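Novice: This is the structure, below, for whatever I ask next.
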Amino acid sequence: MAQSDTEILPDGAIPAATLVIMRPADNGGPDEILMVKRAATMAFAAGAMVFPGGRIDPDDYLVAHRHGYAEMDPDGAARVAALRETLEETGLAVGWPTLAEDEARAIRQALLADRLLSAILDERGDRLDLDALVPFARWCPNFKEARTFDTRFFAVAAPAHSHELTVEESEHSHIFWASARATLAMADRGEVSIIFPTRRNLEKLAQVDDFPAFSVHATAHPVELVTPWIEEREGEAHLCIPGHLGYPVTSEPFERVRRG
């Protein structure tokens, strides 16, 4: 499932990472996924429901290198960024097996105050479990209406926790757990808004019931750079993606698409 880093990216594409966190549902249905709602003031995807994540910082490459990844390795840095951003945005410490909940709160505040993760890990002598993350997609939409992000997607089983998760209010306004199918149904009813990449990945997730099954699905399909294109189909412009990457829906009428 190796992915190439030799693809030609749009000018100014910002490296980023996002994390799909899955937990068993209390009612025995499909696994629930942690979603956050972007604040209405954000320049990108304002008011949209998204997975936790964000930009890859220079320090993320250093942390990944100290965990055995090659220097400036983009996959390793993306794994670090996905875990760091999730802790900052939701208060959930993923991939940090030794961290107690009260310690997670303190580290979250330190990160939000611009303390470097590499310094925190050095001080504590901790290591992150970067191998727990399952890569399953890489998207770089080039929409004129939105910023261009080169985003690597990972999935992970939710760690046990008893504390209430809260959003980082400067970027998000709401947080909730729901299955992929439930989130898609809410979007179809107009209760929430989701952008094109989030919808396609929710549809991919909705094909299975739980994290183990999704891990199998992910390993069965390649991770390749997805840059959607416009194509006319039956007299109507559609936004399209490749058909061999495990997505059940590979096009949508362009006029219906929320791009950013």
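Readers should treat all values here as calculations from the given coordinates under stated rules, not as data from a laboratory. Here the structure is a predicted model, which is why all the values come from computation and not from measurement. Every residue, glycine as well, gets a Cβ built from its backbone with ideal geometry; the counts of neighbours run over all protein chains shown.
Novice: Over the Cα atoms of the stretch 71-139, compute the convex hull volume and normalise it per residue, giving Å³.
Specialist: 107 Å³
Novice: If I histogram all Cα-Cα distances within the stretch 202-260 using bins 10 Å wide from 0, what percent of pairs lands in each bin?
Specialist: Spelled out bin by bin, the stretch 202-260 gives 21, 44, 27, 8, 0 percent.
Novice: Could you tell me what percent of the DSSP beta bridges with both partners in the chain are antiparallel, to the nearest 5?
Specialist: Antiparallel bridges: around 70 percent, rounded to the nearest 5.
Novice: Could you give P(r) for the chain, binned at 5 Å from zero, as whole percent values over all Cα-Cα pairs?
Specialist: 1, 6, 13, 18, 21, 18, 13, 7, 3, 1, 0, 0, 0
Novice: Still on this model: Report the gain in length on full extension from Ile230 to Ala110: 0.36 nm times residue separation, minus Cα-Cα distance, nm rounded to one decimal.
Specialist: 38.9 nm
Novice: Tell me what the chain gives for mean residue ellipticity at 222 nm when only DSSP H runs of n ≥ 4 count, each as -39,500 (n - 2.57), the sum divided by the residue total, rounded to 500 deg cm²/dmol.
Specialist: -8500 deg cm²/dmol
Novice: May I pose another question? Could you pull out the longest piece of the chain with no exposed loop GluC sites (Glu not before Pro) in it, calling a site exposed if DSSP puts it outside H, G, I, E, B and it has at most 10 other Cβ atoms within 10 Å?
Specialist: Value returned for the longest uninterrupted segment is 72-144.
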